[in-house]
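For reference, the structure discussed in these notes is given below.
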Amino acid sequence: MAQNSRVLAPSIPTGGGAAPDSRSFGQRLNRGRTEAVASVGTVEIAGLPQALHTRTFGGLDVLFVPLLESCRAIMAFVDRMCAAGETKQQALSMARLRLASEMLQDPSFTLATRDIEEDNVYVVDLEHGTLTARARLYAVVRHRTSLFKIRIEGSIAKGPYTVQDTGTGSTVIQVDESQMRQAGYFTTFLPGECLRAHIEKEATSPLAKSEMGLGEVRIMVPVAGTAVPFILRQKETSGGWDIIDGRGNQWLGMLPQVALNHLTQLVEGLARIARRT
Amino acid sequence: MPSETIKHGLADATMATGHAHARREPRFELTFEVELCGFGPDSQGFKTRTSTLDVSEWGCRFEVPFRMEPNSVFTLQCLTDDKGSPADCAPVMFQVVRATPSGRGWGIAAWKIASEKVWPVDLPIAAPEDPDERTVGMRRDGAE
């Protein structure tokens, strides 16, 4: 052994008792294993030449929250190293080593080549403080299964996390961490949400494609970040106007008289503009 | 060049069969001063200097006065060449393959996990004994 071999552990702040959550990655992971179904997954840590691969604990229900917690502890470690005078790059480099080493202490994780197409792929970017997961969800209704490819992305420090359907490119839902901690969230609730969003999209698409009739006004109303289509349709006999929910072509009621007066003025005004041009 | 210490067919329960192929690459008893940086048991960080006992293109062996966790990842930066002159080498990531108690600490065997050049000298590449070199190729690409 070299004469000048020495341990410089005191110069490197470690997780130890000072960390807000000192559980190991394996301890975090064990919590979700009781009802887990074996699922393949890889975790790519930006800056690490290889990925961490598991053949059993890759499912969102098992891995997402424990990984998020470990990443959060590692980010706190980066902050402590920087506060101790270490450069950000050095702190990030150490953080990658630590996260990978902690995960590799769990026997279900091994090093593997990157860019493997798996059902579940997690990307940890400690430099930008983000966690991204690409996964497949299955919604089963009456013995029929719908497959959804999704992408969950958000800040490691705190939520919310955006769930995007990569097939359609649309945002399905924004979720808080507390929701993701609920049992069955990824296996039951989220696939259901994807299915609901898909059905809504299908319900609205015929509306967009269908031809507009005479005496018909269409309007998109923003509701909680989603555009909801409405149709105002004039009755041929009475001259009154129906209000229809465009998502399911559902009749909601008649336009009240006050609104009808405004609508009549609007339609007549537009007709005048059209006659002049 | 120091004598080669090629070790054939070593049975090691901790090494997969595929790794055994890669372990046939020639080792050289070259002493480089290296700096190691990583995390030991209980996530205790370390940065330490030691010297290699032997090296190969993808692996190395050295001793440290503390235990390093098998499978953990660390960086190794070569500081000097075999003549003791300063070397300009970047840190490279390795994985601990084996940690065994030795007289003055722990003997560590490690594999690098990327294809970067580690050593300040070019090591001769031996012809493979096994015509089917795919396993070695896979190991070098990072596959298990």
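On inspection, B:R49 passes the criterion of being at pLDDT 85 or above, at the interface with another protein chain (Cβ under 9 Å from one of its Cβ atoms) and farther than 26 Å from A:G26 by Cβ.
Please find, within the range B:46-68, the residue that is farthest from B:E25 (Cα to Cα) out of those that are surrounded by fewer than 20 Cβ atoms within 10 Å (Cβ to Cβ) and among the charged types (D, E, K, R). This residue is B:K47.
Results for (1) in contact with a Lys or Arg (Cβ under 6 Å, 6 or more places away or on another chain); (2) surrounded by fewer than 17 Cβ atoms within 10 Å (Cβ to Cβ); (3) facing chain B (nearest Cβ under 9 Å), shown as yes or no for each residue.
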site: A:A73; (1), (2), (3): no, no, no
site: A:Q89; (1), (2), (3): no, yes, no
site: A:L92; (1), (2), (3): no, no, no
site: A:F109; (1), (2), (3): no, no, yes
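Filtering the range A:221-236 to residues that are surrounded by 11 or more Cβ atoms within 10 Å (Cβ to Cβ) and more than 25 Å from the chain's Cα centre (by Cα) leaves A:F230, A:I231, A:L232, A:R233, A:Q234, A:K235. Within the range A:135-151, restricting attention to residues that are surrounded by 19 or more Cβ atoms within 10 Å (Cβ to Cβ) and either of a type outside the set (V, I, T) or farther than 16 Å from A:G192 by Cα (or both), the residue that is farthest from the chain's Cα centre (by Cα) is A:A139. Within the range A:198-211, being surrounded by 11 or more Cβ atoms within 10 Å (Cβ to Cβ) and either at pLDDT 75 or above or not hydroxyl-bearing (S, T, Y) (or both) holds for A:H198, A:I199, A:E200, A:K201, A:A203, A:L207. Out of all the residues in the range B:57-65, is one or more more than 9 Å from every other protein chain (Cβ to nearest Cβ) and at pLDDT below 90? Yes, that holds for at least one residue. Exactly one residue out of A:G154, A:G159 is within 16 Å of the chain's Cα centre (by Cα), within 28 Å of A:C82 (Cα to Cα), outside any loop (DSSP other than H, G, I, E, B) and not hydrophobic (A, V, I, L, M, F, W, C), and it is A:G154.
Take the conditions surrounded by fewer than 22 Cβ atoms within 10 Å (Cβ to Cβ) and in contact (Cβ under 8 Å) with a residue 60 or more places away in the chain and apply them to A:V121. Does it pass? Against the criterion (surrounded by fewer than 22 Cβ atoms within 10 Å (Cβ to Cβ) and in contact (Cβ under 8 Å) with a residue 60 or more places away in the chain), A:V121 qualifies.
Take the conditions at pLDDT below 95 and touching an Asp or Glu at 6+ places or on another chain (Cβ under 7 Å) and apply them to A:T168. Does it pass? Walk me through how you get there before you give the answer.
Working: at pLDDT below 95: yes; touching an Asp or Glu at 6+ places or on another chain (Cβ under 7 Å): no.
Considered against the rule, which asks whether it is at pLDDT below 95 and touching an Asp or Glu at 6+ places or on another chain (Cβ under 7 Å), A:T168 comes out as no.
The values are calculated or read from the model by the stated rules, or taken from the named source; none is laboratory data. Since this is a predicted model, take the numbers as computed values, not measurements. Here Cβ is always computed from backbone atoms with ideal geometry, including for glycine, and neighbour counts include all displayed protein chains.
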